[in-house]
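Some notes on the structure that comes next.
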Amino acid sequence: MWKLIIADDEPKIRRGIRNMMNWESYDIEIIGEAEDGEIALEVISEKKPDIVLLDINMPFINGLNLLKKLNNLNIKSLVIIISGYDDFSYVQRALQFKVFDYILKPVNKKNMSEIILKAICRLEEIKREENYKTWVKKQLTNNIDKLRKTFFSEWLDNKLTDDEALAEMNFFNIKFEDNIGIIIIKLIDKMNFEIVNKDWNEDLLEFAISNLLNEEFKDFKNKLIFTDDKKILY
């Protein structure tokens, strides 16, 4: 369920919002309330709700200052401002803090329902974006060796410009020190007859050589061992 917090200094308004709608039908749970800005900051920071219904004019810490503090804490809740007509200038100033929307007092069920449905659509969109980013990150992690191999193959084959190569190195977090050495091993088909008769598997041979190189250069912190598409091992 989506989590929601009501922050308003008027008990009547908090109670009215709580009883206004069947929140469960929106897949929303009201997880907390706050009657002033200080309590709101504490509750929001602790519970990290998806939606905050925030009165713009509250004691101790008003809505604008609370928004500043939430931004500094990198709280990602969708904030819906609750405001009276007299506070509308505050609402305009609040927009700079990327509040999601605002609703004017007296709050009615129709307006609240429209804004909440819009907020839910945005939350679902954010969730899809985050799921996609997670998927991309997982694919990158699972295929990082292949991607690095492709980069080095193209770079050593002179298929990349200097800018492209630097961008790829930055992406893969590859940093070279002043002293750089390269070892190139070419696996050839013309091998000793006795070895050929043992039915050596080329992939296993590459794997064995890579292991030997890793062992030989185990004291080197920055080493990259890979085989390109031409079966040349670096």
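The values are calculated or read from the model by the stated rules, or taken from the named source; none is laboratory data. Quantities reported herein were computed from a predicted structural model and do not represent experimental measurements. So basically every Cβ, Gly included, is an ideal-geometry build from the backbone, and we count neighbours across all protein chains shown.
Before moving on, here are some points about what is shown:
- Any hit, the range 5-23, residues being touching a Phe, Trp or Tyr at 6+ places or on another chain (Cβ under 9 Å), modelled with pLDDT of 90 or more and among the aliphatic types (A, V, I, L, M): no
- Cβ separations smaller than 8 Å between residues 6+ apart or across chains give the following pairs from the range 10-26 residues that are in the same structural domain as Ile82 (by TED's automatic domain parsing) to residues that are part of a loop (DSSP other than H, G, I, E, B) and among the charged types (D, E, K, R): Pro11/Glu35; Ile13/Lys105; Arg14/Asp8; Arg14/Glu35; Ile17/Asp8.
- When Glu164, Glu154 are checked against the criterion of being charged (D, E, K, R), modelled with pLDDT of 70 or more, surrounded by 13 or more Cβ atoms within 10 Å (Cβ to Cβ) and touching a Leu at 6+ places or on another chain (Cβ under 6 Å), a single residue qualifies: Glu154.
- Whichever residue in the range 79-119 is polar (S, T, N, Q) and farther than 13 Å from Ile17 by Cα and, among such residues, is surrounded by the most Cβ atoms within 10 Å (Cβ to Cβ): Ser83
- Subset of the range 91-135 [in a helix (DSSP H, G or I) and touching a residue at least 60 places away in the same chain (Cβ under 8 Å)]: Lys109, Met112, Ser113, Ile116, Leu117, Ala119, Ile120, Leu123
- Selected residue (only one of Gly37, Gly32 is in contact with a Phe, Trp or Tyr (Cβ under 8 Å, 6 or more places away or on another chain), crowded, with 17+ Cβ neighbours inside 10 Å, of a type outside the set (D, E, K, R) and assigned by TED's automatic domain parsing to the domain that holds Lys127): Gly37
- Residue check, Lys110 charged (D, E, K, R) and more than 29 Å from the chain's Cα centre (by Cα): yes
- Some residue of the range 58-74 being over 24 Å from the mean Cα position of the chain (by Cα), at pLDDT 90 or above, in the same structural domain as Ile115 (by TED's automatic domain parsing) and farther than 21 Å from Leu123 by Cβ: no
- Scanning the range 136-158 for residues that are touching a Phe, Trp or Tyr at 6+ places or on another chain (Cβ under 9 Å) and free of Cβ contacts under 8 Å to residues at least 40 places away in the same chain yields a count of 3.
- Taking first residues from the range 46-74 that are closer than 20 Å to Ile116 by Cβ and partners that are acidic (Asp, Glu) and assigned to a loop (DSSP other than H, G, I, E, B), the Cβ contacts under 6 Å between residues at least 6 apart in sequence or on separate chains come to Asp55/Asp8.
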